[in-house]
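*Asks:* Once you've had a glance at the structure underneath, I'll fire off some questions.
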Amino acid sequence: MGKQPGKIAVSVNEGFGHLLGICDRLTFEPHDIAAQLDSRGRYEMELDREFPFVIKLFHFSSSHHTRGQTWHDRLELFMPLDGPARFRMGDQDVHLDRGDILVVDNLKLHHVLDFDGFNTRVIVISFLPEFVYSLGSPSHDYAFLLPFYSKVQNRPHIVRPTDGESSAHCFAIAELLNCFFNEAGEQYFQAGCKAYLLGLLYHLARRFRTSEILKWEFVRQQQQSLRFKNLFEHIRINYADKLTLREAAKIVGMSESQFMRGFKEVAGMTLVTYLNHVRLSNGLRLLKEPNLTIAEIAAAVGYSDQSYFDRQFKKSFGAPPKEFRVVHELEPGRVPRSLTKGE
């Protein structure tokens, strides 16, 4: 028994070391996605519907990365390579170490948190669910998506380097990177990417097999997520408008009691908290517009009472908006570090 942990460590080092060797030959761009934020601050990533899959290689640091909360309908894996990272999903703060693989709760508001010394390369793997499983797919294919739709006691799904199968995950990601970034233009590039992605998802499904659910329950969760997607899109576009519980429930075709339970399950917070997050995030974005007064910004994001906006803003970001605007340099598409440190 005393030698077994050592064997696991060797296995983990082999897989992660191999992955690092692959990554050292690739280019990691500074995380500057401001140009890809839409008019309301959402990160839009265009995916080819015939091949809805992409890998992004980012370099995050305290001095250079685009801040801001987002949600999206694509599924995502997030892996820091060089040092720790902190991630907010819904109302949860997730602490990651180098080599951890996080299964992102995509429909929950989420973003990377800042902290002193933050500096790491990150692999982000994104794809649409239908790339793997949709109506008409073989029935067993739904198992590939189980880690994204089923959680145990609301705990995030993370593969740690100390997990026994971590090395297999790292080797699978390495093969995926090799295929995706093959500059030679491999003839079967798309088929290869899907094959290696399925291999990675197979290992994830095995890792989280304790959270397996029946197919009908999985389909129910997937359909519920799709129903709420319409509401999230409505809020993204009309966040400044008043939205009652009855109206929100009507958009997703649920009773109010069903809606309250379902929304918190999908979004990780109540509707009121979600609306406040979206409105305040957009208020923060508008602070970089020097021609807008605080009262105008409050009204633009849905607060008729500026004093209430000031209080909510201070509660979230540690200072009232007027003071925040003076103290911090609000560059376009960027939020000061203190935003995330104060959450």
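The values are calculated or read from the model by the stated rules, or taken from the named source; none is laboratory data. Source: prediction; values computed, not measured. Here the Cβ is made from the backbone with ideal geometry for all residues, glycine too, and neighbour counts use every protein chain on show.
*Asks:* Going by what's in this entry, would residue 233 be described as outside the structural domain of residue 110 (by TED's automatic domain parsing) and farther than 25 Å from residue 92 by Cβ?
*Replies:* So residue 233 fails the test.
*Asks:* Something else now. Out of all the residues in the range 181-199, which are touching a residue at least 40 places away in the same chain (Cβ under 8 Å) and either crowded, with 19+ Cβ neighbours inside 10 Å or of a type outside the set (Phe, Trp, Tyr) (or both)?
*Replies:* 190, 193, 194, 197, 198
*Asks:* Restricting attention to the range 266-296, report how many residues are in a helix (DSSP H, G or I) and under 22 Å from residue 109 (Cα atoms).
*Replies:* Qualifying residue count for the region: 18.
*Asks:* Shifting gears a bit: Tell me whether the range 316-328 contains one or more residues that are among the polar types (S, T, N, Q), at pLDDT below 85 and surrounded by fewer than 21 Cβ atoms within 10 Å (Cβ to Cβ).
*Replies:* yes
*Asks:* Select, from 251, 294, the only residue that is in the same structural domain as residue 312 (by TED's automatic domain parsing), in contact with a Pro (Cβ under 8 Å, 6 or more places away or on another chain) and surrounded by 16 or more Cβ atoms within 10 Å (Cβ to Cβ).
*Replies:* So the residue among 251, 294 that is in the same structural domain as residue 312 (by TED's automatic domain parsing), in contact with a Pro (Cβ under 8 Å, 6 or more places away or on another chain) and surrounded by 16 or more Cβ atoms within 10 Å (Cβ to Cβ) is 294.
*Asks:* Name the one entry in 240, 249, 195 that is at pLDDT 90 or above, over 26 Å from residue 54 (Cα atoms) and assigned to a helix (DSSP H, G or I).
*Replies:* Checking each option against the conditions leaves just 249.
*Asks:* Further question: Would you mention how many residues in the range 91-106 are under 21 Å from residue 230 (Cα atoms) and crowded, with 21+ Cβ neighbours inside 10 Å?
*Replies:* Summing the residues that are under 21 Å from residue 230 (Cα atoms) and crowded, with 21+ Cβ neighbours inside 10 Å in the range 91-106 gives 2.
*Asks:* Right, next: Yes or no: residue 124 at pLDDT 85 or above and surrounded by 21 or more Cβ atoms within 10 Å (Cβ to Cβ)?
*Replies:* Considered against the rule, which asks whether it is at pLDDT 85 or above and surrounded by 21 or more Cβ atoms within 10 Å (Cβ to Cβ), residue 124 comes out as no.
*Asks:* Of 111, 95, which residue is without any contact (Cβ under 8 Å) to a residue 24 or more places away in the chain and of a type outside the set (D, E, K, R)?
*Replies:* Checking each option against the conditions leaves just 95.
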